[in-house]
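Before any comments, here is the structure.
The values are calculated or read from the model by the stated rules, or taken from the named source; none is laboratory data. As the structure is a prediction and not an experimental result, all values here were calculated from the model. We place every Cβ from the backbone using ideal geometry, glycine too, and count neighbours over all the protein chains shown.
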Amino acid sequence: MALRAAAARLDLRWSIRLLDTYRVINAEMWRAYQRGEIDPATLSRERFCRLLGAMGRDAADGGVLAGAYIDALSQRGDVLPGGRSALLAVARRARVGAVTNGIDRVQRARLRAAGIERRFEVIVTSESCGFAKPDPRILHQALGELRASPGEAAYVGDDAHADGGAAQAAGVRFWWIDRGKGGAPPAVMDQRLTSVRDVAALLGRDGAAGPRLR
């Protein structure tokens with residue numbers, strides 16, 4: 001939806017081809033970002049330069065499209081089914097933090113737009129701390145702010161590589177949400193879930209105490 005709104009700002013015709021092309025380019029750019037090869041500003045702009053070039057438009061307008069996209073994305077407050085109730089239930093049992101790759105102002109704006117920002121005691125973004133998952137230092141940052149040790153934490157995520165890799169390297173238990181999109185599962189995981197709704201119930205069975213991340 002954010003991409004569609006941004007495309008309209010540049011009179012860029014919306015199509016499934018545009019969306020599919022963006023997804024391929026975006027995935028490639030995010031992998032480069034996670035490897036530390038590019039910074040957030042390059043990621044934000046270059047993916048749209050490449051998109052416009054692939055669609056036969058002037059790649060020099062990539063910065064304009066990037067700005068329109070960031071503005072539109074910042075206003076999106078979409079929440080996964082069951083997300084609000086799951087967060088409320090988890091917050092009654094444990095301390096909660098958010099650890100996310102992305103542009104700081106965008107991620108925080110999205111949490112505010114969704115009305116769930118207050119559910120997180122700590123919010124750490126890759127831009128704010130300078131490290132992107134799967135680099136474990138982003139989790140170390142969150143653990144430090146929560147004053148928790150790795151053994152007191154569990155990390156919940158749906159990205160087998162970025163989330164699972166960060167958790168494993170940080171020595172934090174990883175609870176993987178399998179959304180049925182295919183692909184290889186995490187190399188190491190402590191629990192396999194199918195929905196965020198499963199997290200609160202798992203806390204009761206797991207017996208772990210102390211703060212938990214994300």
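Number of residues in region 153-165 that are touching a residue at least 60 places away in the same chain (Cβ under 8 Å) and either charged (D, E, K, R) or touching a strand residue (DSSP E or B) at 6+ places or on another chain (Cβ under 7 Å) (or both): the value is 1. Of all residues in region 129-140, those satisfying the criterion of being touching a helix residue (DSSP H, G or I) at 6+ places or on another chain (Cβ under 6 Å), touching a residue at least 40 places away in the same chain (Cβ under 8 Å) and not aliphatic (A, V, I, L, M) are 133, 134.
One residue stands out among those in region 78-115 that are within 23 Å of residue 30 (Cβ to Cβ) and of a type in the set (Val, Ile, Thr): the one that is surrounded by the most Cβ atoms within 10 Å (Cβ to Cβ), which is 99.
Scan region 50-65 and give yes if some residue there is closer than 20 Å to residue 113 by Cβ, of a type outside the set (Lys, Arg) and either not in a helix (DSSP H, G or I) or not assigned by TED's automatic domain parsing to the domain that holds residue 132 (or both), otherwise no. No: region 50-65 contains no residue that is closer than 20 Å to residue 113 by Cβ, of a type outside the set (Lys, Arg) and either not in a helix (DSSP H, G or I) or not assigned by TED's automatic domain parsing to the domain that holds residue 132 (or both).
Any idea which of 36, 67 is surrounded by fewer than 16 Cβ atoms within 10 Å (Cβ to Cβ), under 27 Å from residue 130 (Cβ atoms) and touching a residue at least 40 places away in the same chain (Cβ under 8 Å)?
36
Here is the figure for region 32-45: residues that are within 27 Å of residue 112 (Cα to Cα) and part of a helix (DSSP H, G or I) total 8. Would it be correct to say that residue 42 is polar (S, T, N, Q) and touching a helix residue (DSSP H, G or I) at 6+ places or on another chain (Cβ under 7 Å)? So residue 42 fails the test. When the test is whether a residue is surrounded by 16 or more Cβ atoms within 10 Å (Cβ to Cβ) and on the phi < 0 side of the Ramachandran plot, residue 173 passes it.
Criterion applied to 92, 108, 118 was being basic (Lys, Arg) and either in contact with a strand residue (DSSP E or B) (Cβ under 7 Å, 6 or more places away or on another chain) or assigned to a loop (DSSP other than H, G, I, E, B) (or both), and the one residue passing it is 108.
Give the residue that is surrounded by the fewest Cβ atoms within 10 Å (Cβ to Cβ), with candidates limited to residues of region 176-188 that are in contact with a Gly (Cβ under 9 Å, 6 or more places away or on another chain) and under 24 Å from residue 36 (Cβ atoms). Only one residue fits best here, namely 187.
Per this entry, residue 178 is not counted among residues that are within 18 Å of the chain's Cα centre (by Cα) and touching a residue at least 40 places away in the same chain (Cβ under 8 Å).
Take residue 141 and tell me if it is touching a Cys at 6+ places or on another chain (Cβ under 7 Å) and either surrounded by fewer than 22 Cβ atoms within 10 Å (Cβ to Cβ) or polar (S, T, N, Q) (or both). Yes, satisfied. Within region 118-171, track down each residue that is over 22 Å from residue 27 (Cβ atoms), acidic (Asp, Glu) and either touching a Lys or Arg at 6+ places or on another chain (Cβ under 7 Å) or in the same structural domain as residue 44 (by TED's automatic domain parsing) (or both). 121, the sole residue that qualifies. Among the candidates 12, 80, 73, the residue that is in a helix (DSSP H, G or I), on the phi < 0 side of the Ramachandran plot and of a type in the set (A, V, I, L, M) is uniquely 73.
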